[in-house]
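Taking it in order: structure first as structure tokens, then the write-up.
Every number in this text was worked out from the coordinates using simple rules, so none of it is lab data. Here the structure is a predicted model, which means the values were calculated and not measured. Here the Cβ positions follow ideal geometry from the backbone for every residue, glycine too, while neighbour counts run over all protein chains shown.
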Amino acid sequence: MKTYVKFGAMVAVIIGLLAWLAMGGISDSKTYYKTIAELGQMGDHAKGKRLRVGGDVQAGSIVRAGSEVSFVLHQDAKTLKVVYNGIDPLPDTFKDGAQALADGKLGPDGVFQANKIQAKCASKYEAKPQLKKDASRASM
């Protein structure tokens, strides 16, 4: 009878440990999307939390220093300084005026420390003006 109790206790400990590890992994990997204005409204609650912030890259703000890249995101009248020090190369579409998402944490100095950057350039995916005219003529 003692062996069944020991076996049951071991199974319970293993299942409990796996559940604890799973919950820890889920809480570490979840990211909340915030606008720059919402980030400012969070105050000190934003510091240390994993967040995703989006905006447009301010023209002339991209500064590369070795593997570190700093830039400013702006949205409406709000701005946010971002420092990227990740291992992945920046996307080709990351340039002045591009829409970008920075994934990381807000530091105690108010600078967003990003470990992942996603960028898109809306003009790259639009049809050329002459193609739009040709398509409208074909539909007539």
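From least to most packed, judged by other beta carbons within 10 angstrom and beginning with the fewest, Met42, Met10 follow the order Met10, Met42. Cβ crowding within 10 Å ranks Ile62, Ile117 as Ile62, Ile117, fewest other Cβ atoms first. Close Lys pairs in segment 31-125, defined as Cα atoms under 18 Å apart and 8 or more places apart or on different chains, number 22.
Put in order of Cβ neighbour count within 10 Å, fewest first, the listed residues Tyr32, Tyr4, Tyr84 become Tyr4, Tyr32, Tyr84.
The gain in end-to-end length when the Ala19 to Phe7 segment is fully stretched comes to 2.5 nm, 0.36 nm per residue minus the alpha carbon separation.
In what sequence, highest mean first, do 48-59, 13-24 appear when ranked by Cβ atoms within 10 angstrom?
Top to bottom by mean Cβ count within 10 Å: 48-59, 13-24.
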